Amino acid sequence: MAAGRRTAWDPLAATAGAIALLMTVLYLWLIGRQGGQAVAWFVGGTAAAGLLAAYGVRRAAAHRVGALAVAGTIMIVLGVLGILSIGLPLLVAGALALTAALRSPGRAPDPASSS
C-alpha cells in the first residue's frame, strides 16, 4: 500500500466494532455460565455501540463521525461501569472509535484552530 493512500474502510472503526460486539457475546456467555441474568441496558448499549462503530467503518458513510463519536462515548461509559469484568476491552474499543471519528476528513473543523 502506498503512503498516503486510504482504503474505503477504516480499520480503527472495524476493530472497535468487532471488540464491542465480541464483548457483548462474551458478557452474555459469562452471565449464562454463572446462572445469572444479563442486564438488558448493558447488552443493548454494547450491541448498539458495536453496530454504530460497524456503520462507521465505511469512510463514505453519511453521519460517520457522529456514529463513531456516539459509539466511542457509549463504549467508554460502559467500560468504566464494567471495569471489573469486561470493561478494559470496551475502554480500548471506545478509544479506537473516538480516534477514528477524530481522524475523519469530513468532520467539522475545530473553531479554536481557525484563529
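The values are calculated or read from the model by the stated rules, or taken from the named source; none is laboratory data. Since the model is a prediction, treat every value here as computed from it, not as a measurement. Surface areas here come from the heavy atoms of the whole protein model, side chains and all, with no ligands, DNA or RNA. Shrake-Rupley method; radii C 1.70, N 1.55, O 1.52, S 1.80 Å.
Structure above, values below:
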{"read-out": "Degrees between helix 40-55 axis and first principal axis of the chain (Cα, 0 to 90, nearest 10)", "value": "30"}
{"read-out": "Among Arg33, Arg59, Arg103: highest mean-square fluctuation, GNM of the chain, C-alpha pairs under 10 Å", "value": "Arg33"}
{"read-out": "Relative contact order of the chain, defined on C-alpha pairs under 8 angstrom at six or more residues apart (%)", "value": "30"}
{"read-out": "Calculated from backbone phi, Karplus (6.51, -1.76, 1.60) coupling profile of the range 18-30 in Hz, x at Gly/Pro", "value": "5, 4, 4, 5, 5, 5, 4, 5, 5, 4, 4, 5, 5"}
{"read-out": "Translational D in µm²/s for the range 1-101 (Stokes-Einstein at 37 °C, 0.692 mPa s, Kirkwood Rh from C-alpha pairs)", "value": "243"}
{"read-out": "Choice from Gly72, Gly32, Gly87 showing the highest fluctuation, given a GNM over the chain with Cα pairs closer than 10 Å", "value": "Gly32"}
{"read-out": "For the chain, accessible area per residue (1.4 Å probe, heavy atoms of protein chains only), Å²", "value": "59"}
{"read-out": "Within the chain, helix-based [θ] at 222 nm, where runs of 4 or more DSSP H residues each add -39,500 (n - 2.57), nearest 500", "value": "-21500 deg cm²/dmol"}
{"read-out": "Within the accessible area of the chain (1.4 Å probe), percent carbon and sulfur", "value": "70"}
